[in-house]
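Peer 1: Please find one structure pasted underneath; my questions will follow.
The values are calculated or read from the model by the stated rules, or taken from the named source; none is laboratory data. None of these values were measured; they are calculated from a predicted model. Positions of Cβ are generated from backbone atoms using ideal geometry, with glycine treated the same way; all protein chains shown enter the neighbour counts. All accessible areas refer to the heavy atoms of the entire protein, side chains included, with ligands and DNA or RNA removed. Shrake-Rupley method; radii C 1.70, N 1.55, O 1.52, S 1.80 Å.
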Number of protein chains: 2
Amino acid sequence: MSNNKIGNVAIVGGTHGNELAGIYLVNHWLKNSTTVTRESFETQLLIANHNAIEVNKRYVDCDLNRQFSAASLNDSSLGNYEQSRAKVINQQLGPKGDSKTGLVIDLHNTTSNMGPTLLVPQRGEFYDLMAIYVRQHMPEVIVFLDEDHKTNDEHHLLCTIGQHGVIVEVGPVPQGVLKHEVTEQMAEMTKVILDFVEAYNSDSLPELNAETDAFRFIKSLTLPVDENNHRIGMVHKNVEGSDFKAVQPGEPIFKTFDGKEICYDGNETVYPTFINEAAYYDNNLAMSLCTKAVIKNPSLK
Amino acid sequence: MSNNKIGNVAIVGGTHGNELAGIYLVNHWLKNSTTVTRESFETQLLIANHNAIEVNKRYVDCDLNRQFSAASLNDSSLGNYEQSRAKVINQQLGPKGDSKTGLVIDLHNTTSNMGPTLLVPQRGEFYDLMAIYVRQHMPEVIVFLDEDHKTNDEHHLLCTIGQHGVIVEVGPVPQGVLKHEVTEQMAEMTKVILDFVEAYNSDSLPELNAETDAFRFIKSLTLPVDENNHRIGMVHKNVEGSDFKAVQPGEPIFKTFDGKEICYDGNETVYPTFINEAAYYDNNLAMSLCTKAVIKNPSLK
């Protein structure tokens, strides 16, 4: 097993200003760092989007978590608030492609019923071991893979500026609300990831399972709209709240305001998630579709 | 039984710009009015807060649903966007105290787990019959009374500008999200209220139960804060999502960020609601406390 030690970990809260759990946790850890401190690496804590937090909105000018592609970071003409914050954060934790940070953990909430989800935008032995370790220590965690569609340079997520990066995504919680259970799950998943890094660094990983289940993003579905791009329907109640549950071809996924059902017209079983996420309404996004995937333990190859 | 017929009913959506169910329903009914039309009265449909809807926020300048006290309506120095909208709406549906509208139904969503709730800010035979009728036809409805604390003149809610007024409040749904089930419950409760008015007007009410259960607002609880008014805790997960469920003296209701439980220090059983409502964070409000109440059928006196 290769073992490039992780020298430092950055934990980021408030990338979106109305996702409160990460903001409160990072602010708490800034005062009481014991639970995020380990022997084998340094821990850095960062609040990302101050102005958005101030106004309790996802963002002020544009979505900060879409500003971290290499092209955007290198484009000096992009200078609004979030585009500027992205460049500052990249300087602090990156720079992307040659990063001084071993692992970036970006803390997010969703209004969707996703439970505690580990979102992995890249792959490799380190991530596969982490995914198996995390699910072994916290079986309710869902691993969500999105590594097939873009190179790391193209990925626009904040966490991609580290040597490694993951998103801790926990829901359901309305925007601007702090939920005890959701906050506990976020704290617990962060703790387990840090424990994993500590064990990884010191070659003391426990015996890990041969494989673990995961979901892989395929594509997004948009809400039904009319010719003027006005919505004419909503997510069907049979799907609402059923993130990562199977939907078969022909099952209803939307209900129009005049009472018609629109059914899933694909050919294969899919597993929707980010169902009815409030932040995605700007783009009329209704849900992300996934397939099932399996992550094999790379140590057993 | 007195029977002052209701000549017209106004159904209002979008008093808060990020509570989508009422906005979509009123817009739908503006195009297809069959389900809200009855023989014995006129139905008027109104979208209340256009600018807040445009920006997908509760309000632009101040909470529209707090601008309808007689004092505010008569104070010409109050001239921001919502204060102006309040005066226009009062002219259109009121005026308060001498209203041309028999019943105002104001449609709202909450992030709290309140299910379909009928909020009654005044009392009288008409409301008592309505409450019993609605619960007889839709038993999942909770009746929430808040008539003890203010005169109708003092009440600042939009629905108080009618001769009668109620709020249809349905949750849980995040701000800015349209949920199929919540929207259906709102449409169904509105339909049942209109059916009640139709039967009331035509002296054809069915045999109504002798009484029905309800909850009565006592007071609000605020989140725990430090000396700088910064929150130091959150609603305890044992209470979160348990709207209208009993809390006994000594049971935990808050959890501080440093891990302590804060317990309910009252002497009597209470029933919290509007638990962790996102919109009430501005004031650090954590929940409203209620007692149980019983509404007697006034026809049986």
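Peer 1: Which net charge results for the neighbourhood of residue A:62, defined as the other residues with beta-carbon distances under 15 angstrom from its beta-carbon, given Lys and Arg at +1 and Asp and Glu at -1?
Peer 2: 0
Peer 1: Now a separate question. Pick out which of A:290, A:62, A:159 has the largest mean-square fluctuation in a Gaussian network model of chain A, springs linking Cα atoms closer than 10 Å.
Peer 2: The residue that fluctuates most here is A:62.
Peer 1: Can you list which of the GluC sites (Glu not before Pro) found in segment A:21-129 are DSSP loop residues with at most 11 other C-beta atoms within 10 Å?
Peer 2: Passing both the DSSP loop test and the Cβ count: A:39.
Peer 1: Quick one: pull the percentage of alpha-carbon pairs in chain A with a separation above 31 Å.
Peer 2: Value for chain A (Cα pairs over 31 Å): 29 percent.
Peer 1: Output the relative contact order of chain A, whole-number percent, from Cα pairs under 8 angstrom with separation of 6+ residues.
Peer 2: Relative CO of chain A lands at 19 percent.
Peer 1: Which residue, A:116, A:272, A:249, has the most motion in a Gaussian network model of chain A that connects Cα atoms within less than 10 Å?
Peer 2: A:249
Peer 1: Which percentage, to the nearest 5, of the DSSP beta bridges contained in the protein assembly as shown is antiparallel? Spell out each step's value before the answer.
Peer 2: Working: 54 of 100 bridges.
That works out to approximately 55 percent antiparallel.
Peer 1: Okay, next question. At 1.4 Å probe radius, can you tell me the per residue accessible area of the protein assembly as shown in Å²?
Peer 2: 41 Å²
Peer 1: Rounded to whole Å and ordered largest first, report the semi-axes of the equivalent ellipsoid of the protein assembly as shown derived from its Cα gyration tensor (root of 5λ).
Peer 2: 47, 26, 23
Peer 1: So what's the gap between the Cα centers of segment B:255-286 and segment B:173-245, to the nearest angstrom?
Peer 2: 17 Å
Peer 1: What net charge do the residues around residue A:138 carry, taking every other residue with its C-beta under 12 Å from that of residue A:138, with Lys and Arg at +1 and Asp and Glu at -1?
Peer 2: Charge balance in the 12 Å sphere: -2.
Peer 1: So what's segment B:233-277 giving for Rg/Rh, alpha carbon basis, Kirkwood Rh from the mean inverse pair distance? Could you put the intermediate results ahead of the total?
Peer 2: Numbers: Rg = 10.1 Å, Rh = 10.6 Å.
Rounded to two decimals, Rg over Rh is 0.95.
Peer 1: Same structure again: Kindly work out what percent of the DSSP beta bridges joining two residues of segment A:106-258 are antiparallel, to the nearest 5.
Peer 2: 45 percent
Peer 1: May I pose another question? Which of the lysines could be linked to residue A:219 by a straight reach, that is with a Cα gap under 23 Å, when you skip same-chain ones fewer than 8 residues away?
Peer 2: Leaving aside lysines fewer than 8 places away in the same chain, those within reach of residue A:219 are A:150, A:237, A:245, A:255, A:292, B:179.
Peer 1: Nearest 100 Å², what total accessible surface is buried between chain B and chain A (probe 1.4 Å)? Spell out each step's value before the answer.
Peer 2: On the way: alone 13610 and 13590 Å², together 24830 Å².
Counting protein atoms only, the buried area is about 2400 Å².
Peer 1: Which Cβ of chain A lies nearest the axis of the rotation superposing A onto B, and at what whole-Å distance?
Peer 2: So the closest residue, with its distance, comes out as A:174, 2.
Peer 1: Compute from the Cα atoms of segment B:1-69 the Rg and the Dmax, the latter being the longest Cα-Cα distance, and quote both in angstrom.
Peer 2: Rg, Dmax (Cα atoms, Å): 14.4, 47.
Peer 1: Any idea what the relative contact order of segment A:222-294 is, in percent, if you count C-alpha pairs under 8 Å spaced at least 6 apart?
Peer 2: With pairs under 8 Å counted, the relative contact order is 29 percent.
Peer 1: Still on this structure, I have one more. Give me the Debye-computed log₁₀ of I(q)/I(0) at q = 0.17, 0.19, 0.24 Å⁻¹ for segment A:218-300, equal point scatterers on Cα only, no solvent, two decimals.
Peer 2: At q = 0.17, 0.19, 0.24 Å⁻¹ the computed log10 ratios are -0.67, -0.81, -1.21.
Peer 1: Using a label point 7 Å beyond Cα on the Cα-Cβ vector, give me the inter-copy distances for residue B:282 in nanometres, one decimal, shortest first.
Peer 2: Those label-point separations list as 2.2 nm.
Peer 1: If each of residue B:258 and residue A:91 carries a label point 7 Å out from its Cα toward its Cβ, how far apart are those two points in nm?
Peer 2: Simple spin-label model gives 3.6 nm for this pair.
Peer 1: Suppose each label sits 7 Å from its Cα in the direction of the beta carbon; what would the residue A:228-residue A:211 distance come out to in nanometres?
Peer 2: Label-label distance for residue A:228 and residue A:211, simple model: 5.2 nm.
Peer 1: Suppose only helical runs count, i.e. DSSP H with n ≥ 4. What mean residue ellipticity at 222 nm does that imply for the protein assembly as shown under -39500 (n - 2.57) per run, divided by all residues and rounded to the nearest 500 deg cm²/dmol?
Peer 2: -7000 deg cm²/dmol
Peer 1: Set the Förster radius R0 to 35 Å, insert the Cβ-Cβ distance between residue B:84 and residue A:220 as r into 1/(1 + (r/R0)^6), and round the FRET efficiency to 0.05.
Peer 2: 0.30
Peer 1: Which percent of the accessible heavy-atom area of the protein assembly as shown goes to carbon and sulfur, probe 1.4 angstrom?
Peer 2: The computed percentage sits at 45.
Peer 1: If you put +1 on each Lys and Arg Cβ and -1 on each Asp and Glu Cβ, how big is the dipole of the protein assembly as shown around its Cα centre, in Debye rounded to 20?
Peer 2: 380 debye
Peer 1: Mind listing, in residue-number order, the residues in segment B:80-115 that have at least 10 Å² less accessible area with every protein chain present than in their own chain alone (1.4 Å probe)?
Peer 2: Correct list: B:111.
Peer 1: Using unit Cβ charges (K, R positive; D, E negative) and no other charged atoms, how large, in debye to the nearest 20, is the dipole of chain A about its Cα centre?
Peer 2: Its charge dipole is roughly 320 debye.
Peer 1: Further, regarding this structure: Gap in Å between the Cα centre of segment A:116-149 and the Cα centre of segment B:137-168?
Peer 2: 50 Å
Peer 1: How big, on average over all directions, is the shadow cast by the Cα convex hull of segment B:148-242, in nm²? It would help to have the intermediate numbers written out before the result.
Peer 2: Details: hull surface 41.7 nm².
Over all viewing directions, segment B:148-242 projects a mean Cα-hull area of 10.4 nm².
Peer 1: In the neighborhood of residue B:203, defined by Cβ-to-Cβ distances under 15 Å, what is the net charge if each Lys or Arg adds +1 and each Asp or Glu adds -1?
Peer 2: Residues close to residue B:203 contribute a combined charge of -3.
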